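This report refers to the structure that appears directly beneath it.
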Amino acid sequence: MKKLNLVMILMSAAVIFGGCGQKQEMVKKELYGTYKGNEVYLLTLTNKAGNVLKLTNFGARITWLEVPDKEGNKENITFGFDTFDGMVAGDRYFGAIVGRYANRIAKGKFTLDGVEYSLPINNGPNSLHGGPEGWHSVVWTTEIAGNTEFPTVKFTYESPDMEAGYPGNMNVEAVYTWTDNNEIIIDYSLTTDKKTVFNITNHAYFNLHGAGNGNILDHQLVIKASGFVPVDTFLIPTGELRPVAGTPFDFTTAHTVGERIGENYDQLIFGKGYDHTFIFDNTEEVDASVYEPVSGRFMEVISDQPGVQFYCGNFLNGTRIGHGGKPYIYRSGLCLETGHYPDSPNHADFPTTVINPGETFKSRTIYRFSVKSTGE
């Protein structure tokens, strides 16, 4: 079964984090800034093809991803900022690990074993992405892996009991591996000492033209999902799980992002475009893909999670100035955030987001990048 294949090994038992293994030289670590008295690092991972992934321990985030087009020309295709100060002042979700609960929780409240918990309200009447000081806004501990086949960095964070209103001391790991096949492998691991809820994801934005180079409406998208999660005007699930067949949400075969985005359909109106969780069928290796025919760049998403939040930058407005002074304009980036459904703690029939003491959650998501011609 696919889930077992994806989570069977977090990392090889032979991996020694912080060592000086033979691939150590493929990760460059440099001081990037300081935040609340903690050192922030920029880590540059280079694979054998010379392609570059840059990470930072501020939010355990991806801040640069440089891959070739079909002519071999390399360009950064993910959102980020040129300086740490720019990152702090800009959108802190770009490329970050998001928690404790990625996505929205209605009215910032949920009940667990008869106890009601209150969370920070930071998105209309709701709590979004763990609140304003969620995992995207903390400095994670950084370790460079030695004795690994590919350049690898492990970020860890100890989230204290009642941080942002969530019970339990939680230990979380996000391990990034940058393979010679241009795959970003993200391995997640979490434990807790109290029963609690969580939803973890990465919030990278992608534009296969190159970050800041126009919009993504021409990107051809496939999501292997026969259903999605409808929402109300506050983007909170209604409780319905709706088939995609016959709707503008059917990406089981390729459609451009912009092909149906302007249709008079309730969910496109509520989301101001696509900003919804698609329910993975989990029947094939690749769960989603994006193709941009001009550059030939092709991105595949592989995950063991039950769904993916497809967001197409409906709230970008050009005020965030990214790498090279390029503004991130309306619908200039798309996100494919693997994880659980929004507001799951308040919907007993949704896949559970509860974790108990003694349990270890492990999950893997892969973003794979390549090029192909139009005829392939």
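The values are calculated or read from the model by the stated rules, or taken from the named source; none is laboratory data. Since the structure is predicted, the reported quantities are computational estimates derived from the model, not experimental observations. No Cβ is skipped: glycine too gets one built from the backbone with ideal geometry, and neighbour counts run over all protein chains shown.
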Checking PHE198 against (1) in contact with a helix residue (DSSP H, G or I) (Cβ under 6 Å, 6 or more places away or on another chain); (2) within 28 Å of ILE144 (Cβ to Cβ), the condition it does not meet: (1)
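For the stretch 97-115, name all the residues that are in a strand (DSSP E or B) and within 21 Å of the chain's Cα centre (by Cα).
Taking the stretch 97-115 and keeping what is in a strand (DSSP E or B), we get 97-98, 101, 104-105, 109-112, 115.
Passing the criteria: ILE97, VAL98, TYR101, ARG104, ILE105.
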Hits in the stretch 129-180 - residues which are crowded, with 23+ Cβ neighbours inside 10 Å, more than 18 Å from the chain's Cα centre (by Cα), over 25 Å from GLY108 (Cα atoms) and among the hydrophobic types (A, V, I, L, M, F, W, C): ILE144, ALA145
Which listed residue, of LEU65, LEU45, LEU53, is more than 18 Å from the chain's Cα centre (by Cα), assigned to a strand (DSSP E or B), within 18 Å of ASN181 (Cβ to Cβ) and of a type in the set (A, V, I, L, M, F, W, C): LEU45
Residues of the stretch 32-49 that turn out to be under 21 Å from GLY72 (Cβ atoms) and without any contact (Cβ under 8 Å) to a residue 24 or more places away in the chain, as a count: 1
LYS372, sole failed condition from (1) in contact with a strand residue (DSSP E or B) (Cβ under 8 Å, 6 or more places away or on another chain); (2) at pLDDT 95 or above: (2)
Any hit, the stretch 116-137, residues being assigned to a helix (DSSP H, G or I) and acidic (Asp, Glu): no
Residues of the stretch 156-210 that turn out to be free of Cβ contacts under 8 Å to residues at least 24 places away in the same chain and not charged (D, E, K, R), as a count: 4
